[in-house]
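Undergrad: I have a structure here, written as structure tokens, and I will follow up with some questions on it.
The values are calculated or read from the model by the stated rules, or taken from the named source; none is laboratory data. As the structure is a prediction and not an experimental result, all values here were calculated from the model. Here the Cβ positions follow ideal geometry from the backbone for every residue, glycine too, while neighbour counts run over all protein chains shown. In case anyone asks, the SASA skips ligands and DNA or RNA and just uses the protein heavy atoms, side chains included. Shrake-Rupley method; radii C 1.70, N 1.55, O 1.52, S 1.80 Å.
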Amino acid sequence: MTLPKTPSMKLSGKRALVTGASSGIGQGCAVALAEAGAHVVCSARGLERLDATVAEMTALGWSAEALALDVSDLEAIQGVLTEQAPFDIVVNAAGYAKHGPAFDTAPEDFDAVMNINLRGAYFLSAWAAKSMQDAGIEGSIIHISSQMGHVGGIDRAVYCASKFGLEGMVKAMAIEWGKSRIRINTICPTFIRTPLTEPTFADPARVAWIEEKIKLGRTGTVEDIMGAVLYLASPASSLVTGSSMLIDGGWTAD
Ligand code: NAD
């Protein structure tokens, strides 16, 4: 009898790009990939916090470098990919939120959210996947979406529109790139304390809403996301594409 072999989650020899890597979930993803052996190109808009992140990572013996990239700037995305692609793994954790009632949404705020959460994600995916395909790489693209890509949320019409859009985009791209074995998936967290959610956690009414909805009785941590990114980046998930991994403590269970 031959026992099945557990797929490896080691990423030695792989090159990864992580956007939004200077804080929160993106930083956690960069750490998870680097610790598993990948060389991680850590990107964010500004270099100060990013340099500090990369310095700590390399001090631990991991392979990482810092790169300035604003995902709302399509020319900048193209420039980075021209210089740095192909990647085996792309994790897009850059994100923006401007919450409020739909009646009050300013068109500029709508555009700002969409430009980062959807337009940037779209072209980063398309261009990264093209370079993977040209190089014959069976790569993995992972977007940090949200449980708000699956359900509505209070004051979140724009944010939900961006994340539901992201979910649909990922499914269509998975169909297009499956034959090249390029996989694309989302991770959908519930509320996690990061700079992005500071205003929400400062509002007792919103905290009560969150506590009522999360069945496991606690909010998330960056660490709750790290195993998922490792799984989706590695051959352990080689039959997974066009899917959405909910890490929501049961928020969407009812
Ligand atoms: P965060 O504020 O710590 O991280 C967001 C990152 O995106 C930052 O590094 C920021 O610099 C970067 N960013 C913003 N605009 C950018 C741009 N134009 N170009 C490049 N980078 C840009 O917040 P986070 O909570 O870690 O958010 C990461 C992702 O996770 C976002 O897409 C967010 O929508 C999603 N998310 C967060 C939560 C949560 O509760 N924290 C829940 C669900 C989904």
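Undergrad: Cα centroid distance between region 123-141 and region 223-249, in Å?
TA: 18
Undergrad: Rolling a 1.4 Å sphere over the protein heavy atoms, what is the accessible area per residue of region 137-254, to the nearest Å²?
TA: Details: 5270 Å² over 118 residues.
Heavy-atom accessible area per residue stands at 45 Å².
Undergrad: Each residue of region 222-232 in turn: what ³J(HN,Hα) in whole Hz from Karplus with 6.51, -1.76, 1.60 and θ = phi - 60°, glycine and Pro shown as x?
TA: Using θ = phi - 60°, the values come out as 4, 4, 5, 9, 5, x, 5, 5, 5, 4, 6 Hz.
Undergrad: In a Gaussian network model over the chain where Cα atoms closer than 10 Å are linked, find which of Asp51, Asp155, Asp88 has the largest mean-square fluctuation.
TA: Largest GNM mean-square fluctuation: Asp155.
Undergrad: Looking at the chain as a GNM with Cα springs under 10 Å, which of Ala205, Ala55, Ala32 has the largest mean-square fluctuation?
TA: The residue that fluctuates most here is Ala205.
Undergrad: Follow-up. Considering only C-alpha atoms, what is the centroid distance from region 45-113 to region 175-222, in Å?
TA: One Cα centre to the other: 18 Å.
Undergrad: Taking amide hydrogens as modeled 1.01 Å from N in the peptide plane, which residues meet the under 5 Å criterion relative to Tyr96, leaving out close sequence neighbours?
TA: Asn117
Undergrad: Now for a different question. Where does each of 99-111, 56-68 land if you order them by average Cβ count within 10 Å, highest first? Please report the intermediate quantities before stating the final value.
TA: Details: 99-111: 11.9, 56-68: 15.5.
Those peptides, ordered most packed to least, come out 56-68, 99-111.
Undergrad: If each Cα of the chain is one equal point scatterer, what is log10 of I(q)/I(0) from the Debye formula at q = 0.08, 0.14 Å⁻¹?
TA: For the chain, the Cα-only Debye profile gives -0.29, -0.92.
Undergrad: Continuing with the same structure: Take every Cα-Cα pair in region 125-254 and report what % of them are more than 22 Å apart. Display every interim value, and only then the final one.
TA: Working: 3359 of 8385 pairs.
The proportion of pairs with Cα distances above 22 Å equals 40 percent.
Undergrad: Which of Ile141, Phe164, Thr82 sits closest to the plus end of the dipole of the chain, meaning its Cα is farthest towards the positive end, when Lys and Arg get +1 and Asp and Glu get -1 on the C-beta?
TA: Ile141
Undergrad: Any chance you could tell me what percent of the C-alpha pair distances in region 1-125 go past 19 Å? All intermediate terms of the calculation are to be shown ahead of the outcome.
TA: Numbers: 4003 of 7750 pairs.
For region 1-125, the share of Cα pairs beyond 19 Å comes to 52 percent.
Undergrad: Per-residue ellipticity at 222 nm for the chain, helices alone: DSSP H runs ≥ 4 residues times -39500 (n - 2.57), over residue total, nearest 500 deg cm²/dmol?
TA: Details: 9 runs with 104 residues, N = 254.
Estimated from H runs of four or more residues: -12500 deg cm²/dmol.
Undergrad: Quickly rank 161-168, 13-20 as a protection proxy: mean count of other C-beta atoms within 10 Å, highest first. The partial results should precede the final answer.
TA: On the way: 161-168: 20.4, 13-20: 24.9.
Going from most to least packed, we get 13-20, 161-168.
Undergrad: First compute the accessible area of region 1-148 with a 1.4 Å probe, then give the percent of it belonging to carbon and sulfur atoms. Could the numbers behind the result be given before it?
TA: Details: 3750 of 7160 Å².
The computed percentage sits at 52.
Undergrad: Once you charge only the Cβ atoms, +1 for Lys and Arg and -1 for Asp and Glu, what is the size of the charge dipole of region 168-254 about its Cα centre, to the nearest 20 debye?
TA: Numbers: 9 positive and 9 negative charges, 84 e Å.
Dipole of region 168-254, to the nearest 20 debye: 400 debye.
Undergrad: Could you give the size of the charge dipole of the chain about its Cα centre, using +1 on the Cβ of each K and R and -1 on the Cβ of each D and E, expressed in debye and rounded to the nearest 20?
TA: Working: 20 positive and 27 negative charges, 180 e Å.
In total the dipole reaches around 860 debye.
Undergrad: Find the lysine pairs in the chain meeting two conditions, Cα atoms under 24 Å apart and a separation of 8 or more places or different chains, and report how many there are.
TA: 12
Undergrad: Please report Rg (one decimal) and Dmax (integer) in Å for the Cα set of region 74-189.
TA: 14.9, 48
Undergrad: Under the rule of at least 5 residues apart or a separate chain, name every residue whose amide H is placed under 5 Å from the amide H of Val91.
TA: Amide H neighbours of Val91, under 5 Å, 5+ apart: Leu17, Val18, Thr19, Ile142.
Undergrad: Let me ask something else about it. For region 47-57, take each phi angle, set θ = phi - 60°, evaluate the Karplus expression 6.51 cos²θ - 1.76 cosθ + 1.60, and give the result in whole Hz per residue in order, putting x for glycine and proline.
TA: 8, 4, 5, 5, 4, 5, 4, 5, 4, 5, 5
Undergrad: Turning to a different aspect of this structure: Listed highest first by mean packing, meaning other Cβ atoms within 10 Å per residue, what order do 222-235, 138-151, 190-203 come in? If you can, show how the numbers build up before the last one.
TA: Working: 222-235: 19.9, 138-151: 24.7, 190-203: 15.9.
In decreasing order of mean packing, 222-235, 138-151, 190-203 become 138-151, 222-235, 190-203.
Undergrad: Determine ³J(HN,Hα), in whole Hz, for all residues of region 247-254 in sequence, where each value follows from phi through the Karplus function 6.51 cos²θ - 1.76 cosθ + 1.60 and θ = phi - 60°; x replaces Gly and Pro.
TA: Each residue's phi maps through the Karplus curve to give 10, 10, x, x, 3, 8, 6, 10 Hz.
Undergrad: If you average 1/r over every pair of different alpha-carbon atoms in region 157-232 and take one over that average, what Kirkwood value in Å do you get?
TA: Working: mean 1/r = 0.0679 Å⁻¹.
When all Cα pairs of region 157-232 are included, the Kirkwood radius is 14.7 Å.
Undergrad: If you don't mind, another one. Can you list residues from other chains, or at least 5 along the same chain, whose modelled amide H is less than 5 Å from the amide H of Ala64?
TA: Amide H neighbours of Ala64, under 5 Å, 5+ apart: Val40.
Undergrad: Another question, then. Compute the distance in nm between two label points, each set 7 Å from the Cα along the Cα-to-Cβ direction, one at Arg49 and one at Thr6.
TA: Label at Arg49, label at Thr6, 3.5 nm between them.
Undergrad: Also: Heavy-atom accessible area per residue, region 14-119, 1.4 Å probe: how many Å²? Numbers along the way, then the final one.
TA: Working: 4810 Å² over 106 residues.
So region 14-119 comes to 45 Å² accessible per residue, rounded to a whole number.
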